[in-house]
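Here the structure is laid out as structure tokens; the discussion comes afterwards.
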Amino acid sequence: MKRFIGIFLAILMFTPTVVEANIVCNDGTVSPSCSTCRKGCCSRHGGCSSSSSSSSGSSSSSHNSSSSGGSSSSSSSSSSGSTNKKPATPEVVKSSDATLKKVTVDDTEITISDNMTYTTTNEKVILEVVANDAKAVVNYVKDHDLIIGENGIDIKVIAENGNVKNYKLTITREKILSNNTNIKIFVKGTEIVFNSFTSDVINIPNEQEQLDITYELEDVNAQAEIMGNENLQAGHNEIIVKVTAENGEEQKYTLMVEKEEAKKVEIPEEKEESVLENSSNSNNHQNNSDNPILSVCIIVGLLSIISYFVIIGLRKNK
């Protein structure tokens, strides 16, 4: 029995055994499932070639030669791997820059900050925003209709790596103040025509003290002031209507007024003679009334003189 077993073992030792090895892919990786190169093998490792298959097929030998063949295959595989393996691709670092390079409003560049301001009188503006990194994304609205006062605009920058930075732009729209000083001036309801802001002459009677002036401003935000329309004197007068526009500009309109001189009262000749006669009679009467007084004064004077001399004479006799 021992002899039979020994013969059987000897037969096994010298009987060639076929060992199939898996093929080596083009990137140097040993295929986990393919022993020959066929469709679908090494699909994730750069594919395979027929040389890999034949190389693995030549590894069939006897048990003793199998061992040496394995080392040979291993060596071949290693050599093939070192030849076909691709260099590792370096990892790409994405930019985190989410800052702005330039901001312009209606072609006017403004200083960049987290909170920017701009002032205009325009009803509409066009915004242009550029990021420092060309790969960053900038979110904003380009065209804006503005209201009077402050208008807030948001600007959002997203970097290549996803970082986000927000900016705020406040545009203040100022109101344009009117410079309109146009006016219609009426005297007693009749519109006055002005030539170089001066009217033709307006004639009024002597008893009139002022003009009946009304006006209509073309701009409701303007103001008007009438000067010199009181106690008009006989002869030449000038009345000024000053219009002040919303923005402060002024314009004066001059009304030329001629007031009639006072009329002299003419007395008829008959009446004049009667007046003179009455005046003469009045004077004579006054003179007559003055004569008795004069006479009394004279008499009193004389009596005083006489009394004086009488008194002196009496003193001498004593």
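What to note about this one:
- Residue-level check: of (1) out of contact with any Asp or Glu (no Cβ under 8 Å at 6 or more places or on another chain); (2) open to solvent by 80 Å² or more (accessible area, probe 1.4 Å), Asn203 misses just (1).
- Subset of the range 136-180 [of a type in the set (Val, Ile, Thr) and out of contact with any Leu (no Cβ under 8 Å at 6 or more places or on another chain)]: Val137, Ile147, Ile148, Ile158, Val164, Thr170, Thr172, Ile176
- Strands (runs of 3 or more DSSP E) contained entirely in the range 196-266, each with at least 1 residues that are farther than 30 Å from Ile176 by Cβ and touching a His at 6+ places or on another chain (Cβ under 8 Å): 250-259
Yes/no per residue for (1) assigned to a strand (DSSP E or B); (2) exposed (fewer than 14 other Cβ atoms within 10 Å of the Cβ):
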| position | (1), (2) |
| --- | --- |
| Thr89 | no, yes |
| Val92 | no, yes |
| Ala98 | no, no |
| Thr104 | yes, no |
| Ile112 | no, no |
| Thr119 | yes, yes |
| Leu127 | yes, no |
| Val130 | yes, yes |
| Asp133 | no, no |
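- Just one of (1) out of contact with any Asp or Glu (no Cβ under 7 Å at 6 or more places or on another chain); (2) open to solvent by 80 Å² or more (accessible area, probe 1.4 Å) fails for Lys184. It is (1).
- Output for the range 174-193, where each listed residue is over 34 Å from the mean Cα position of the chain (by Cα) and farther than 14 Å from Tyr253 by Cα: Lys188, Gly189, Thr190
- Residue within the range 301-313 that is more than 60 Å from the chain's Cα centre (by Cα) and modelled with pLDDT under 60 present: no
The values are calculated or read from the model by the stated rules, or taken from the named source; none is laboratory data. What you see is a predicted model, and the numbers here were worked out from it, not measured in a lab. Cβ atoms come from the backbone with ideal geometry, glycine included; neighbour counts cover every protein chain shown. Side chains included, ligands, DNA and RNA excluded: accessible areas come from the protein's heavy atoms. Shrake-Rupley method; radii C 1.70, N 1.55, O 1.52, S 1.80 Å.
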